[in-house]
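Only one structure is covered here, and it is reproduced in the block below.
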Amino acid sequence: MKPPKYFRSFFPFHPTGVAAAVAVLMLPLAALGQTPAGDAPSDVPVKSLGMVIINSGQPTSLPTQIPTTMEGVTREQLAQTINATDSEDALKYLPSLLVRKRYIGDYNHAILSSRASGTGNSARSAVYADGILLSNYLGNGVGGLSFPPRWGLVTPEEIERVDVMYGPFSAAYPGNSVGAVVDYVTRMPTKFEAHAGISHVSQPFELYGTRSTYTASQASASLGNKSGGWSWFINASHTDSEGQPLTFATRVVATGTPGNAGTAVAGTVPGLNNANVPWDVLGYRTLNNADVNGATYQGVSKYFTTDLRLRWQVSKIVAATSGISVQIPTGFQGAKPYPKAGWTLATTLGKLAKPYDSHGKPVSEDVTVVSWTAASKDAALQDAHFDEFMLRGKLPETAGLLWFKVLQTCESGSNDWSETPVSGSSAKGLKSPAVLLEVTAQDAAVAPSAPATVHAPGAHQH
């Protein structure tokens, strides 16, 4: 049977998306199955179809007429293959892409890098959400590790798809698109929907004498609905995460200078550095506690030409450190702080409940508080960096625990590292533990070790 004459004339019509496939495949078959009007039986039933609605996934938001590599992942693929706790996780399995996420809730160092532009050029990649820039270009590379994209402004529940365009195409995007362009496409509900999730993570950690278990918990809830021409979606989340130690304070053995003053202490962990040179590991530092709250709201109306999108996120004190104040515990005698360039040094004296002798002279008052204060805003210690604030003194003759309480003042807010356990030396379960110096008995035949620096743990330990 020859196809009807209008079969050919139908083909130049090109619908888009799924509708195109349906029109091309179904209409020719209907035409081939037709019977000439004169031969049609009178008893053939006639059926009328109602409205046919065809749903299709949203296409990529990135330019498609550019000769470059592009990858994408849809909402369905995210649900099937990734247990996403935040928007960074949506990029987990995309090729040649890495988010420097060190632990759950890493809000201040999770920069984006690609094969063409690594972590040293974090500002060479662009991140968008519905065409709105999320990247923070106030810093770049090692100096810009505290300037990651604002990942918290997009929640996993509202992601429709994520697209990545690799390579330098600044004609379509700003010059920062040398490495990659990432665009999150969010969705709006078509009917009422509700989501809720609670997760908990426990991580045992043992390295260089540090033995502890770090936990993370996350809770989120979202609601969305569509009523007539108005759609809305709201989400709230809370994350409380204890990150594992990220760096350790070390001292090369050859640089140590044995002394005869004070009581010799032990506790360092001997080892070899990457150059196979003997060193001592003094203790951990950069132990972060992330406390992040976020909320997003989207409202879209067909009666307006613009979308209303409100996004908010707050993290626990992401600010430069402008002051450090250390309370000297009872038993630590003759505290002498090291001056630091760009910082003002101050000490507070207090009466001793029990005087002691120093070089044959009675001492009835001693240093009880040591404070360092940044002399200017430029001298403040940025959150992306760490530094050492040192003091020295004489340890007690008997073994025991010395808790140094530290008040960290930031440009906005403060952290009070003053919690101590009821008994023992374990700081497990303490949100803001004080610094512990454990004095242990040592054989008199062992030579005194070099002075060690005590580092305070915490979300902003420097």
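What follows draws every value from the coordinates through simple rules; no lab data is involved. Keep in mind it's a predicted model, so treat the numbers as computed, not measured. Here the Cβ is made from the backbone with ideal geometry for all residues, glycine too, and neighbour counts use every protein chain on show.
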(message) Report, in listed order, any pair from Lys361/Lys394; Lys92/Lys428; Lys340/Lys361; Lys351/Lys394 with a Cα-Cα distance greater than 22 Å.
(response) Lys92/Lys428; Lys340/Lys361
(message) Taking the beta-carbon count within 10 Å as an exposure proxy, list Thr286, Thr373 from fewest neighbours to most.
(response) Thr373, Thr286
(message) Cut-off under 16 Å on the C-alpha distance; same-chain residues fewer than 8 positions from Lys354 excluded. Which aspartates and glutamates are left, in chain and number order?
(response) Glu365, Asp366, Glu397
(request) Counting other beta carbons within 10 Å of each Cβ, put Arg75, Arg115, Arg392 in order, fewest first. (result) Arg115, Arg392, Arg75
